[in-house]
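Asker: Once you've had a glance at the structure underneath, I'll fire off some questions.
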Amino acid sequence: MLKGISEKQTNVHLALYEGYVKHVNLIMAMIAAYGKTEDEGGKYAIAELRRRFAFEFNGMRLHELYFAQFEGGATAPNQNSALASATAEKYGESGLIAHVREVAGTRGIGWVIVYADQTVKTLHTVFVNDHEVGGLAGLPILLALDLWEHAYMVDYVPAEKKNYIDAFFANLNWGVVEKRFEATR
């Protein structure tokens with residue numbers, strides 16, 4: 001049981017995730033069924049399916065990352081971890097949590113995503129409106145916070161989004177996030 005996020009809310013959110021999985025599989029099957037068509041209409045249909053695939057796939061994958069962050073129960077950040085060092089260097093004394101909260105206060109719907117950039121050895125925290133557009137190409141995701149209303153509207157109205165963000169952090173297993181960071185090193 002999650003603190004501040006009801007079972008009903010979780011079930012609604014999981015059902016939405018299941019829709020992404022269903023549509024990823026459906027699109028892949030439809031593209032395979034069209035094969036190497038020479039029909040112009042078929043080629044157009046395949047092109048549109050490929051465009052739609054990014055929406056469904058990214059929705060599926062971000063939700064997998066989101067839900068995995070709650071597995072094993074809430075844990076505090078390890079202040080001696082490599083992630084703690086990297087976040088202190090990037091975000092200073094206020095830290096990553098304060099920065100994610102600040103970015104999460106952006107008006108609108110979308111995701112707050114914390115990425116590890118191995119090329120320049122830093123972190124990036126971004127607000128991604130539409131999960132199929134605006135992600136940082138090739139960067140591993142360390143933390144994913146879903147800010148679409150489906151993630152909290154059973155428990156909180158939009159004006160209470162801050163309460164949902166509090167519940168997110170109250171349930172976050174920082175060990176999962178730290179392992180993701182370690183995998184990028």
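Read-outs throughout are calculated quantities, based only on the coordinates presented, and are distinct from any laboratory measurement. These figures come from a predicted structure and were not determined experimentally. When we count neighbours, we look across all protein chains shown, and the Cβ atoms used for this are built from the backbone with ideal geometry, even at glycine.
Asker: Treating only the Cβ atoms of Lys and Arg (+1) and Asp and Glu (-1) as charged, compute the dipole magnitude of the chain about its Cα centre; round to the nearest 20 debye.
Answerer: The calculation lands at about 200 debye.
Asker: So how far apart, in nm, are the two label points at ILE109 and LYS162 if each is 7 Å from Cα heading toward Cβ?
Answerer: Distance between label points: 2.3 nm.
Asker: Past the 26 Å Cα-Cα mark, which pairs from LYS121/LYS162; LYS3/LYS179; LYS22/LYS162; LYS22/LYS179; LYS90/LYS179; LYS22/LYS161?
Answerer: LYS121/LYS162; LYS22/LYS162; LYS22/LYS179; LYS22/LYS161
Asker: Here is a follow-up. Tell me the mean residue ellipticity at 222 nm calculated for the chain from its helices only (DSSP H runs of n ≥ 4, each -39500 (n - 2.57), averaged over every residue, nearest 500).
Answerer: Result for the chain: -17500 deg cm²/dmol, rounded to the nearest 500.
Asker: Taking H placed 1.01 Å from N in the peptide plane, check which residues at least 5 places from LEU142 or on another chain put their amide H under 5 Å from its amide H.
Answerer: Placed amide hydrogens put VAL114, TYR115, ALA116 under 5 Å from LEU142.
Asker: Here's a follow-up. With a cap of 14 neighbouring Cβ atoms within 10 Å, and only residues DSSP puts in a loop, list the GluC sites (Glu not before Pro) found in the stretch 1-63.
Answerer: Taking the stretch 1-63 and a limit of 14 other Cβ atoms within 10 Å, the loop GluC sites (Glu not before Pro) found are GLU38.
Asker: Here's something else I'd like to know. Mean Kyte-Doolittle hydropathy of 0.0 or higher plus an axial Cα length of 18 Å or more: which whole DSSP H helices in the chain meet both?
Answerer: Helices meeting the span and hydropathy rule in the chain are 7-34.
Asker: Can I ask one more? Rounded, prolate or oblate for the stretch 77-155? Axes are the square roots of the Cα gyration tensor eigenvalues, ordered a ≥ b ≥ c, and the cut-off for rounded is a/c under 1.5. Spell out each step's value before the answer.
Answerer: Working: a/c = 2.27, a/b = 1.45, b/c = 1.57.
Oblate.
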